[in-house]
Amino acid sequence: MYLIKAWCVAFGMAGVAVYTHAQTFPIKPVRVVVPYAAGGPYDEIVRVLGQRLTEIWGQAVVVENRGGAGGNIGAEVVAKAAGDGYTLLIGNAGPITVNPTLFKKLPYDPQRDLAAITMVNAGRMVLSVHPSLPARSVKELMALARTRPGQLNYASSGVGNLQHLGMELLRLQAGVTMNHVPYKGAAPAFVDLISGQVDLMFANIVGTMPHLRTGRVRAVAVSSASRSPLLPEVPAVAETFRGFDIPTWSGMFAPAATPRDVIAKLNADFGKVLARTDVKERFAQQGAEATPSTPEALADHVRKETVMYATVIRAAKIVAE
């Protein structure tokens, strides 16, 4: 009887401890791992969110860049961290939904080792062509590709990134053949697109806008399921190929062992920040929209997108370099 009472007391105290932890969280600085080198767009996202979260929490948000291996190194750091809510990952498609298939072996499993907190933002890529190409729509572009099998060259900023996968998905859906020309970054790819060395490419909407304004490239479509507020006159690829949707996005993740009530608090606090007008305006400057979600919605997105990219990678026989 004594043992039963002691066990009940211990169990009750454990429950109180978990509850109290969530109620008082955080009591020390929170580390957000960016799985890319310093100076990129994800640093800016975390900085914007961190400043506002510090106001809510009274604790600093520390950015830690752990780049390498296409985002895998940073994701592994968080996947193997203590599940206490004090180490978070700002993840995107690369280490979360693409790399599980692109790489033969990962030191972590995104769906098993990471807990979804919230989607942060989402954006679009623009499918652009050199002005000399006689195609002003996706339909015309794919028709041109059929008449010139294997002659059109498309650029990307590297093997296995969204620019590459987006074009491969479009190519597979249209049943055409095109040549992939990978570059070390979007800037040199744009140089060759502008000069006519390559014919077309998907690229981030903000990076594409200056070239559209000068007429050095022509927009044909955006990669998401709907049109962009920044380019409302440019149709979505999905208007021609139903279901096509390659958004750019970022989301917050924690180690899988993080208590559910801590995840719930993090979700609520990120939601408050993402609802702020000034945060929405900062994201809009990057061509993105604040897209807070439930943990369940982000986890569902990860599951579905992982399957989609696995299908594209295997069909196109893409291998990580």
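The values are calculated or read from the model by the stated rules, or taken from the named source; none is laboratory data. If you're wondering where the values come from, they're calculated on a predicted model, not measured in any experiment. Every residue, glycine among them, receives a Cβ derived from its backbone with ideal geometry; neighbour counts consider all protein chains shown. Heads up: the accessible areas ignore ligands, DNA and RNA and are worked out on the full protein's heavy atoms, side chains in. Shrake-Rupley method; radii C 1.70, N 1.55, O 1.52, S 1.80 Å.
When Thr258, Thr277 are compared by accessible area at a 1.4 angstrom probe, the order from most to least is Thr277, Thr258. These residues, Glu289, Glu168, go from largest to smallest accessible area, 1.4 Å probe, as Glu289, Glu168. Among [x] 58, 44, 35; [y] 52, 43, 36; [z] 84, 40, 32, only one was calculated for this model; which label is it, if the read-out is Cα extents along the principal axes in Å? So the structure-derived entry is [z]. To the nearest 0.05, how large is the calculated FRET efficiency for Ile194 and Lys28 if R₀ is 56 Å and r is the Cβ-Cβ distance? Once rounded, the FRET efficiency stands at 0.70. The listed residues Ser132, Ser228 rank as Ser132, Ser228 when sorted by accessible area, largest first, using a 1.4 Å probe. With R₀ set to 35 Å, the beta-carbon distance separating Ser226 from Thr147 gives a calculated FRET efficiency near 0.70.
Based solely on its DSSP helices, what 222 nm [θ] is calculated for the chain when runs of n ≥ 4 H residues each add -39,500 (n - 2.57) and the sum is averaged over all residues, nearest 500 deg cm²/dmol?
Values: 12 runs with 143 residues, N = 321.
So the calculated ellipticity at 222 nm is -14000 deg cm²/dmol.
I need to check one value: relative contact order of the chain, counting alpha carbon pairs closer than 8 Å and at least 6 residues apart, in percent. Reported relative contact order: 26 percent. Magnitude of the charge dipole for the chain, about its Cα centre and with charges confined to Cβ atoms of Lys, Arg (+1) and Asp, Glu (-1), is about 360 debye.
How high is the FRET efficiency from Ala320 to Glu296, r the C-beta distance, R0 35 Å, rounded to 0.05?
It comes out at approximately 0.70.
Extending 7 Å from Cα along the Cβ direction at Val307 and again at Ala257 yields two label points whose distance is 3.1 nm.
Quantify, in whole percent, the carbon and sulfur part of the accessible surface of the chain (1.4 Å probe; protein heavy atoms only).
Answer for the chain: carbon and sulfur cover 58 percent of the accessible area.
The residues of the chain present an accessible area of 46 Å² per residue when probed at 1.4 Å with all protein chains retained. Computed extension gain for Arg276 through Phe103, at 0.36 nm per residue and net of the alpha carbon distance, reaches 58.5 nm.
When the stretch 193-306 is described by a simple charge dipole with +1 on each Lys and Arg Cβ and -1 on each Asp and Glu Cβ, the residue from Ile205, Val222, Ala256 located farthest towards its positive end is Ile205.
For Thr54 and Met209, compute 0.36 nm times the residue count separating them, minus their Cα-Cα distance, and round to one decimal in nm. All intermediate terms of the calculation are to be shown ahead of the outcome.
On the way: separation 155, 0.36 × 155 = 55.80 nm, distance 3.32 nm.
Result: 52.5 nm gained on full extension.
Taking the Cα centre of the stretch 212-321 as reference, the dipole from Cβ charges on Lys and Arg (+1) and Asp and Glu (-1) amounts to some 240 debye.
The stretch between Gln111 and Lys80, if pulled fully straight at 0.36 nm per residue, gains 9.8 nm over its current Cα-Cα span. Positive end of the dipole of the chain (Cβ unit charges, origin at the Cα centre): among Phe190, Val48, Thr118, the Cα lying farthest that way belongs to Phe190.
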